[in-house]
Amino acid sequence: MALTSADDVVVATHGRGADQAPRPGGPRRRGNRLYGREPVLAWVFVAPMVVVAVLFLIVPILMALWVSVSDWSGRGSPLAATVGFVGLDNYAAFFSPGLAQRDLSTSIRNTFYFVLLVVPLQTLLALGLALVLNSRRLRAKSFFRTAYYFPSVTSSVAIAVVFLFMFSASGPVNSILGLVGIEGPNWFADPRGLIHVVAGAFGVDEQPAWASGSIAGISLWQWLAGPSVAMVSIIALVVWVSAGGYMLIFLSSLQGIDEEVNEAAVVDGASTWQRIRHITVPILRPTTTLVVTLGLIGTWQVFDQVYIMSQGNPGKTTLTPAYLSYTTSFGSAQWGQGTAISFMLFALIVVLTIIQRAATRDRENPSGRRGRRRASRKEVAS
Amino acid sequence: MSDLRTRPTTAHDSRSKRSSGGDLAAEGRRRRASIAAFYTVLIVVAIIYIYPFVIQAGTSFKTDGDSTYNPLNPFPTVATLDAYGTLADVDFPLWFRNSVIVTAFVTVGRVLLCSAAGYALSRLHFVGRKFLLAAILAVMAVPGVVLLIPKFLILNQLGMYNTFSAMIIPLLWDATGIFIMKQYFDTIPPAVEEAARIDGAGVVRRFWSIMLPMAGPALVTLTVFAFQGSWNEFTHMIVARSSAETNTLTTGVAALTTGQFGSGNRYPLKLAAALIMTIPVALVYFVFQRKLVRGQGGGAVKG
């Protein structure tokens, strides 16, 4: 699972491609008579893809929408006459006290802390590596780029296996911690939340009275637990995997920056840090927005790593909405509730995607001063 | 990618702007210090990125005990091929074969269907062209994870569950690939095709004999992406099938990891399995890395 898949690139690409594509044939040739069988053949050309998309994307989503308002138990066809319509009951289950609500709240809490740590960390790591790699005086840049991007093209399953070993109780990570005198935890068996661990160091071991109130099925104290030790190892994996892809996005933007701006700053006596702080980072703002929103879209969907490494354990502290929707359906045969979760997740991600596309447009069609920079960037890219 | 740029040698450039020799020496010291700092950062991070794979390879030749007692040492105390031998007992060759079948069909299928659709969207006149482009973009926004249950529902409904067609056909959809091809065809001057049109070449002929051979670079990119994507495909394979005979490498190794093949850590076995499944993609990556790397970063710049 490459969090920055080629999809993102094309999303970033469509703006110009669609507008500037040469009009087939040109304006003289309006009207179908001139094209003979072309319109028919055109549909023959696109038909296979359209059929696959309709049959395996659009129809299934409509089926799932039906399942989410039905009482289908997983037996037979969800379209059979015996399956009943239950309105929004499956959605309502998450808004009234019970196991369903508790699990969903727990998964949202877990993913919230996951996103809160992964997105800033991977963005900073990607930006830092890109800034260093963009330095003109370095050699062997392509070697480093290759190394950092390699995890992004590797199977998520293979990477998860490697990290299970890295973070195993007697694995390499704990060995390194041992070298500096720290006794590492049993990562994947440790449900303690990091914030609870810190609170414990200050003597707050149990749920204080002020935090015992329940919000959406779990207590405030539980909401404040922080990411569990097990989740921290998944966070480490995801940051490690995705930083390389985002680094490439930053690098390509950096290469578009007009060198004259930096040269002028050097003449004016600006230090490297001042140049980064006052020139590079402001110029990269649209790219940073893109990377952050792509990060948000990717992290809220985290699934593979949880499936392979922890299955939501220990103590449900690595449960995520995507994994919960899977187990609710395939595991507990609560298909209605499982699909309901995925549609709620869908809504969240669509909102994030709309933000991301708006951010991409900003980056594509900057006005005024930024327009000139963009023009020079085009030359570089072509 | 920086090498695409022709720029004057900077050392010379900035030196000419300096006036006094003292500045020059201080500047030189600062520059050497910053280069050293940069290399330190790059090398430390590179070790963090490369060492896990080194340990993985080394541990796959260890015994279970050795992997537990000397986790950091990439060299086995006593090298053994036990892990690789055991792989045959857990159906690994079957998973490998299934992955090859799925990847071959998906890659060839995507190349054909994406270039046909991309050509039509770029060059042909038909009612609904704009609508199709918009629809493809809309469908791309659907997050993959949300499709898990829906895909199972339709495959189950159609009686395709647990078949190779269920594993292959839905994966043929590749909106990214359609756009890669469409945009590449957009860059080919219309005059090229116009000449053939005047000579009486039909649509199919112009596509197959003129445009497709000119789209080599885009076809390579598409093939590399399709290969990498389908070889690594995991989530689709856990909802399209469940039988032991249809495991691919991803689902098979995941099952191995989640303990469906007996207890014990068995890290050498798991790491050997993960290593073998990484090798084909790694080879393609090292050969075609410019494509992959440029597709990621360059595409974003080009817009």
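The values are calculated or read from the model by the stated rules, or taken from the named source; none is laboratory data. Values in this document were obtained by computation on a predicted structure and should not be read as measured data. Using ideal geometry, Cβ is built from the backbone for each residue, glycine included, and neighbour counts are taken over all protein chains shown.
Listed values, structure above:
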quantity: For B:V127: the one exception among (1) within 7 Å of chain A (Cβ to nearest Cβ); (2) in contact with a Pro (Cβ under 8 Å, 6 or more places away or on another chain); (3) under 30 Å from A:P78 (Cβ atoms); calculated: (3)
quantity: Filtered residue count, the stretch A:125-175, keeping only those that are of a type in the set (V, I, T), facing chain B (nearest Cβ under 7 Å) and more than 28 Å from B:G28 (Cβ to Cβ); calculated: 6
quantity: Sole exception among (1) at pLDDT below 90; (2) within 23 Å of A:A64 (Cα to Cα) for A:V281, by number; calculated: (2)
quantity: Yes/no for A:T353 being closer than 30 Å to B:T250 by Cα and in a loop (DSSP other than H, G, I, E, B); calculated: no
quantity: Filtered residues of the stretch A:133-149 (kept if within 18 Å of A:S242 (Cβ to Cβ) and either hydroxyl-bearing (S, T, Y) or surrounded by fewer than 21 Cβ atoms within 10 Å (Cβ to Cβ) (or both)); calculated: A:T146, A:A147, A:Y148, A:Y149
quantity: Sole residue being of a type in the set (S, T, N, Q), touching a residue at least 24 places away in the same chain (Cβ under 8 Å) and within 10 Å of chain B (Cβ to nearest Cβ), chosen from A:Q222, A:Q255; calculated: A:Q255
quantity: Every residue from the stretch A:335-351 that is under 16 Å from A:A92 (Cα atoms) and touching a residue at least 24 places away in the same chain (Cβ under 8 Å); calculated: A:W335, A:G336, A:Q337, A:T339, A:A340, A:I341, A:S342, A:F343, A:M344, A:L345
quantity: Flag for A:G193 being in contact with a Ser or Thr (Cβ under 6 Å, 6 or more places away or on another chain) and away from chain B (no Cβ under 14 Å); calculated: yes
quantity: Residue match in the stretch A:289-311 (condition: more than 30 Å from A:I257 (Cα to Cα), surrounded by fewer than 23 Cβ atoms within 10 Å (Cβ to Cβ) and touching a strand residue (DSSP E or B) at 6+ places or on another chain (Cβ under 8 Å)); calculated: no
quantity: Filter result (small (G, A, S), part of a helix (DSSP H, G or I) and more than 21 Å from A:Q311 (Cβ to Cβ)) within the stretch A:151-184; calculated: A:S152, A:S175, A:G178
quantity: Residue among A:S107, A:S96 that is within 20 Å of A:L345 (Cα to Cα), at pLDDT 90 or above and among the polar types (S, T, N, Q); calculated: A:S107
quantity: Sole exception among (1) surrounded by 15 or more Cβ atoms within 10 Å (Cβ to Cβ); (2) more than 27 Å from B:V281 (Cα to Cα); (3) assigned by TED's automatic domain parsing to the domain that holds A:Q305 for A:L116, by number; calculated: (1)
quantity: Within the stretch B:128-230, helices (runs of 4 or more DSSP H) holding 1 or more residues that are in contact (Cβ under 8 Å) with a residue 60 or more places away in the chain and either within 26 Å of B:F288 (Cα to Cα) or in contact with a strand residue (DSSP E or B) (Cβ under 8 Å, 6 or more places away or on another chain) (or both); calculated: B:164-168, B:175-187
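Listed here are the residues, each with its yes/no results for (1) surrounded by 13 or more Cβ atoms within 10 Å (Cβ to Cβ); (2) modelled with pLDDT of 55 or more.
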| position | (1), (2) |
| --- | --- |
| B:T10 | yes, no |
| B:D13 | yes, no |
| B:K17 | no, no |
| B:G21 | no, yes |
| B:A25 | no, yes |
| B:F53 | yes, yes |
